[in-house]
There are 2 protein chains.
Amino acid sequence: MSSDPVHAATMRNTLRLRRLGIDTYQEAVVYMHRRCHVCLAEGFSAQSRIQVTLGDRHLIATLNVVSNSMLREEEASLSESAWHALRAEEGACIELAHPEPLESLSALRAKVYGQPLAPAAWHAMIADVAAGHYSNLHLAALVTACAGDRLDLVETIALTRAMIDTGERLAWTTHPVVDKHCVGGLPGNRTTLLIVPIVAAAGLTIPKTSSRAITSPAGTADTMEVLAPVDLSFEHMRRVVEREGGCIVWGGNVRMSPADDLLIRVERPLDFDSEGQIVASVLSKKIAAGSTHILIDMPVGPTAKVRSAAVAKRLRERFNVAGAALGVRVDVHVSDGAQPVGRGIGPALEARDVLAVLQGDRTAPDDLRERALTLAAKVLELATAAEPGRSRARAEQILASGEAWRKFQAICDAQGGLRLPPQAPLTHVITAGRSGFCRAIDNRRIAQVAKLAGAPVAPAAGVDLHTRLGARVDTGTPLYTVHAQTPGELDYALGYAAKHADIVRVEER
Amino acid sequence: MSSDPVHAATMRNTLRLRRLGIDTYQEAVVYMHRRCHVCLAEGFSAQSRIQVTLGDRHLIATLNVVSNSMLREEEASLSESAWHALRAEEGACIELAHPEPLESLSALRAKVYGQPLAPAAWHAMIADVAAGHYSNLHLAALVTACAGDRLDLVETIALTRAMIDTGERLAWTTHPVVDKHCVGGLPGNRTTLLIVPIVAAAGLTIPKTSSRAITSPAGTADTMEVLAPVDLSFEHMRRVVEREGGCIVWGGNVRMSPADDLLIRVERPLDFDSEGQIVASVLSKKIAAGSTHILIDMPVGPTAKVRSAAVAKRLRERFNVAGAALGVRVDVHVSDGAQPVGRGIGPALEARDVLAVLQGDRTAPDDLRERALTLAAKVLELATAAEPGRSRARAEQILASGEAWRKFQAICDAQGGLRLPPQAPLTHVITAGRSGFCRAIDNRRIAQVAKLAGAPVAPAAGVDLHTRLGARVDTGTPLYTVHAQTPGELDYALGYAAKHADIVRVEER
């Protein structure tokens, strides 16, 4: 019926795609010309939310209006994440329409006004988040409405379930399936690369998916990638786990708890803590990955993510109760978060520390080995109900005997082959300006130096720490070495280090 | 000292501007190439917040990374609002740097966690908002943290003061200076164009600044612009007011309460009500404009902005107390918000209604005249402490005698010359599908029809309503006429109208 004005309007609302290659970091943006007929007919203006359809795929994007010749009037473009999500191609025709009103926004509004939400409301809201229907503004409102302590335990459980149910789930034929997660914030804390081979060598199943760095100098996936491929398909990952009992891969190829990824995207720049969301975020990812026993490493320290023992205690209770309600066993290990772990900060430098521990090198960092053994023993204890002393002895024996190192090599082989970490061509040593004792190390600023030096994009870049809290230093004693792959990055990291001379604080007494 | 690495790095962080013409609606965005040396050296990635400096001006923008040939590696671009704010020119060199950490974010975080803030904290936060230091995510968090009833009266007053203090203020030599504001949501409610000439003809000073439409089919400035220029400099506005006692101009040339404009930018898409913010928004703008006596028109109805008498009552109390604390007199007039006012919806159609009332046309819409007289009388009463009956008689007499019409013409002349509203070439009548009584008119949807028809960008476009609540209609009786300037826009509005046949609801009894 071509005389039906609705139908006619729908048919007319198409534009031809041209790739501009703009990366907005996961926010879906559609670019249209100010005078394009779709903008005029639909009354779209900058910041309008628009449903974009390509074939049988669609998403909702935010409009940015282009007023010059970068786009022609009959053309449109998409931000890179939207381009990939729609599997777009140069010249393809997209349809543009007003999106249906989102029913779940009334639940969001109720939460913003302080009301507790029923499980069905959480499900509706999280399903819309996972489908990409929420703008960044809506996501920020949701994160803010949950911040502080506005999610009770019942809501935390409902949120976790909703996050699991709106993503993919992995299933394993073995039991138990264990996992380990660190509530972040501690540079160099790369125990996963040690725990996985120890636990797998002990006969447990530990299919570990890890993230890449977003705001830190290295994520576990970045560090592992220095040693072996991590960008595995799910089928490849399954083969590795079936053969070796464990893996260390990047989790980005499996859409587990996709709503969590989207909320994290706005949580990081906002930097709000929400206890309910931390619990939901961790548990949803782990349960979707098929884990039955989950150990959580929670470093506590003045510049770590969790800054007080009281918060750690509340979080542990929430994790335990929510885990029980969701049918998994969760244990939280509170650890010292006062300073970085190991010596290296940055993918290759951390990988070097890991290899030293695995190979039983005399110079390997004690604290990294000690943490890894403690956590590996906790995992064994949690999953096998073994006595604490026996678990610890078993973990030590697996590491000391070289079993862990052999298992790690086997896992790397299965993932595509072990390789050696690169070394940075440029280094510069920062020395103490006075003598005394090392009294504080600023986790955030030392991480910033490593990032400015190029980590994690430049895998060999980063920082090598030469001192520990309490150590005696003299004027001129090396405090840390900056590693960089280019002179520009080295300069920039050194400039920042010079402005913040107290990153490693040395005091007389 | 060229060997100082900080200095060297700063000097290197420049890029040449190229205008891409992307309109992000006020959000400052900087576009840089993925491989540009500044991104690499500074570790910037998509969504990084970046301080952009051009000459002695600077702002903080969000980074979008470009990965193709649209920008070269040594080039950068800015969103249109940022381009204008920096008064940028093609080829100019900008400097890019990490912004200083925003101290006021700790106040924002405290508010998000539910703590009441001291006046100094509000000031610091609003100063950063006004300076454009907050990202859209931060603004969304702030709006969310204030939503519902999370601002007490003391905080409301502190927020209002902070908004006034961080913008420009107008000063007038006369006293009292009156103003009138409508807490929006009612299509066609264009009483300002009647109240200003009545009140000015009565000898009071009423320097009215109005806004353009953001999400509605017409703002007061859009409707006035059909009849006379509204884009006046502040000096021109002052001359108009000094000569005629009143004006009706667009407020965009004076940065009064700029933080409010930025918060509104995210409030609208979020669609949260916050009583504290409504009060702060209105009072900050009016007090910054130099008003001493402020009348607030508050339509209440099921599809108006204020939906219940209880909310209206609470808002009135807040307005009264906050006004008193801030040294101004505020009166709130609660009016019927059940249906649109007058007949026309859209700039030219509303202007036509206004002219009919001013000219004493027999066919002029009664409800528009009646509302204008009531409000004008309330303004006179508030500012001169006259008896209600006398104020009403005075307003009626000014309107009936033609004094108001002459004053309106004089104001238009002073603003640049009176002109006649345009007429749309295309119209289509929507008729009743059944007989009965008009039982409901959906304010939001009828406004949507007018917007889809092209209002306010197409000034002659909009809707002409032919019925009122309670009116008897038969099958085929005209309910409303859609006016459009192009066939595409007419089609689109009619398509929407066809999908929502109950915009004007007709029921048997």
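Can you say whether A:R439 is farther than 22 Å from A:D366 by Cβ and of a type in the set (K, R), as far as the supplied structure shows?
no
For region A:143-167, give me each residue that is in a loop (DSSP other than H, G, I, E, B) and either closer than 17 Å to A:L270 by Cα or within 20 Å of the chain's Cα centre (by Cα) (or both).
Within region A:143-167, A:A147, A:D149, A:R150, A:T166, A:G167 meet the criteria.
Those residues that are hydrophobic (A, V, I, L, M, F, W, C) and crowded, with 20+ Cβ neighbours inside 10 Å, I need them from region A:313-327; list them, please.
Answer for region A:313-327, where residues must be hydrophobic (A, V, I, L, M, F, W, C) and crowded, with 20+ Cβ neighbours inside 10 Å: A:L315, A:F319, A:A322.
Name the residue, out of B:A88, B:A97, B:A127, that is over 30 Å from A:R150 (Cα atoms), modelled with pLDDT of 95 or more and not aromatic (F, W, Y).
Step by step, each of B:A88, B:A97, B:A127 is checked, and only B:A88 is over 30 Å from A:R150 (Cα atoms), modelled with pLDDT of 95 or more and not aromatic (F, W, Y).
Which of (1) in a helix (DSSP H, G or I); (2) touching a strand residue (DSSP E or B) at 6+ places or on another chain (Cβ under 8 Å); (3) not polar (S, T, N, Q) does A:A393 not meet, given it meets every other one?
(2) is the only condition that A:A393 fails.
Please find, among B:G337, B:G327, B:G323, the residue that is among the small types (G, A, S) and closer than 22 Å to B:A455 by Cα.
Matching residue, one of B:G337, B:G327, B:G323: B:G337.
Looking at (1) modelled with pLDDT under 90; (2) of a type in the set (S, T, Y); (3) within 22 Å of B:L262 (Cβ to Cβ), which is the one condition that is false for B:S69?
B:S69 satisfies all of (1) modelled with pLDDT under 90; (2) of a type in the set (S, T, Y); (3) within 22 Å of B:L262 (Cβ to Cβ) except (3).
If you take the residues in region B:43-90 that are among the small types (G, A, S) and closer than 24 Å to A:L490 by Cα, which one is surrounded by the most Cβ atoms within 10 Å (Cβ to Cβ)?
This residue is B:A76.
Hey, can you tell me all the residues within region A:476-509 that are more than 14 Å from chain B (Cβ to nearest Cβ) and exposed (fewer than 14 other Cβ atoms within 10 Å of the Cβ)?
To start, the set of residues in region A:476-509 that are more than 14 Å from chain B (Cβ to nearest Cβ) comprises A:476-481, A:483, A:502-509.
Hits for region A:476-509 are A:G476, A:D502, A:E507, A:E508, A:R509.
Only one of these is away from chain B (no Cβ under 14 Å) and closer than 20 Å to A:M237 by Cβ: A:P187, A:P119, A:P176. Name it.
After ruling out the rest, the residue left standing is A:P176.
Please enumerate the residues belonging to region A:59-103 that are in a strand (DSSP E or B) and among the charged types (D, E, K, R). Walk me through how you get there before you give the answer.
Applying the first criterion (in a strand (DSSP E or B)) to region A:59-103 yields A:59-66, A:75-78, A:93-97.
Residues satisfying the conditions are A:E75, A:E95.
Against the conditions (1) more than 14 Å from chain B (Cβ to nearest Cβ); (2) of a type in the set (A, V, I, L, M); (3) under 24 Å from A:G337 (Cβ atoms); (4) buried (at least 21 other Cβ atoms within 10 Å of the Cβ), where does A:V473 fall short? Just the number, please.
Tallying (1) more than 14 Å from chain B (Cβ to nearest Cβ); (2) of a type in the set (A, V, I, L, M); (3) under 24 Å from A:G337 (Cβ atoms); (4) buried (at least 21 other Cβ atoms within 10 Å of the Cβ), A:V473 fails exactly one: (4).
Please go through region B:62-88 and give me each residue that is more than 13 Å from chain A (Cβ to nearest Cβ) and under 29 Å from the mean Cα position of the chain (by Cα), ordered by number.
Listed by number, the residues that qualify are B:A85, B:L86, B:R87, B:A88.
Check region A:14-22 and report whether any residue there is facing another protein chain (nearest Cβ under 9 Å), in contact (Cβ under 8 Å) with a residue 40 or more places away in the chain, buried (at least 18 other Cβ atoms within 10 Å of the Cβ) and in a helix (DSSP H, G or I).
No - not one qualifying residue is present in region A:14-22.
What are the residues in region B:104-123 that are out of contact with any helix residue (DSSP H, G or I) (no Cβ under 8 Å at 6 or more places or on another chain) and not in a loop (DSSP other than H, G, I, E, B), if any?
Once the filter is applied, which keeps residues that are out of contact with any helix residue (DSSP H, G or I) (no Cβ under 8 Å at 6 or more places or on another chain) and not in a loop (DSSP other than H, G, I, E, B), region B:104-123 yields B:S106, B:R109, B:A120.
Go through region A:368-385 and count every residue that is under 16 Å from A:T205 (Cα atoms) and crowded, with 16+ Cβ neighbours inside 10 Å.
Final tally of qualifying residues: 10.
Based on this model, can you work out whether A:I195 counts as surrounded by 24 or more Cβ atoms within 10 Å (Cβ to Cβ), within 25 Å of A:G402 (Cα to Cα) and in contact with a Leu (Cβ under 6 Å, 6 or more places away or on another chain)?
Taking the combined requirement at face value, the residue satisfies it.
If we only count helices (runs of 4 or more DSSP H) wholly inside region B:192-249, which ones have 1 or more residues that are over 23 Å from B:L373 (Cβ atoms)?
In region B:192-249, the matching helices (runs of 4 or more DSSP H) lie at B:220-227, B:234-244.
Free of Cβ contacts under 8 Å to residues at least 60 places away in the same chain, facing chain B (nearest Cβ under 10 Å) and in contact with a Phe, Trp or Tyr (Cβ under 7 Å, 6 or more places away or on another chain), is that true of A:E42?
yes
Touching a helix residue (DSSP H, G or I) at 6+ places or on another chain (Cβ under 9 Å), within 12 Å of another protein chain (Cβ to nearest Cβ) and of a type in the set (S, T, Y) - does that describe any residue in region A:152-168?
no
Would you list the helices (runs of 4 or more DSSP H) that sit entirely within region B:269-377 and hold 2 or more residues that are within 24 Å of A:R109 (Cβ to Cβ)?
Because the criterion is at least 2 residues that are within 24 Å of A:R109 (Cβ to Cβ), the helices (runs of 4 or more DSSP H) in region B:269-377 that meet it are B:275-288, B:309-325.
What's the number of the only condition in (1) among the acidic types (D, E); (2) in contact with a Ser or Thr (Cβ under 6 Å, 6 or more places away or on another chain); (3) part of a loop (DSSP other than H, G, I, E, B) that B:D502 fails to meet?
Unmet condition: (2).
Test each condition in (1) of a type in the set (A, V, I, L, M); (2) surrounded by 13 or more Cβ atoms within 10 Å (Cβ to Cβ); (3) under 29 Å from the mean Cα position of the chain (by Cα) for A:L420 and report the one that comes out false.
(2)
Given the conditions (1) without any contact (Cβ under 8 Å) to a residue 60 or more places away in the chain; (2) surrounded by fewer than 23 Cβ atoms within 10 Å (Cβ to Cβ); (3) small (G, A, S), report the number of the one that A:A171 does not fulfil.
Unmet for A:A171, out of (1) without any contact (Cβ under 8 Å) to a residue 60 or more places away in the chain; (2) surrounded by fewer than 23 Cβ atoms within 10 Å (Cβ to Cβ); (3) small (G, A, S): (1).
Condition first: in contact with a Leu (Cβ under 8 Å, 6 or more places away or on another chain) and either within 14 Å of chain A (Cβ to nearest Cβ) or surrounded by 20 or more Cβ atoms within 10 Å (Cβ to Cβ) (or both). Now tell me which residues in region B:91-111 satisfy that.
Hits for region B:91-111 are B:I94, B:L96, B:A107, B:L108, B:A110, B:K111.
When you scan region A:421-457, how many residues do you find that are more than 15 Å from A:D491 (Cα to Cα) and in contact (Cβ under 8 Å) with a residue 40 or more places away in the chain? Spell out how you get there, then give the answer.
If we filter region A:421-457 for residues that are more than 15 Å from A:D491 (Cα to Cα), which is where we start, we get A:421-423, A:431-447, A:456-457.
Filter again for in contact (Cβ under 8 Å) with a residue 40 or more places away in the chain, leaving A:421-423, A:431-447, A:456.
Matching residues across region A:421-457 total 21.
Name every residue in region B:386-400 that is crowded, with 18+ Cβ neighbours inside 10 Å and touching a residue at least 40 places away in the same chain (Cβ under 8 Å), in order of residue number.
B:R394, B:A395, B:I398, B:L399
Which one is modelled with the highest pLDDT, of the residues in region A:23-51 that are in contact with a Gly (Cβ under 8 Å, 6 or more places away or on another chain) and of a type in the set (A, V, I, L, M, F, W, C)?
Among them, the one singled out is A:A28.
The values are calculated or read from the model by the stated rules, or taken from the named source; none is laboratory data. A quick note: this is a predicted structure, and the numbers were derived from the prediction, not measured. Positions of Cβ are generated from backbone atoms using ideal geometry, with glycine treated the same way; all protein chains shown enter the neighbour counts.
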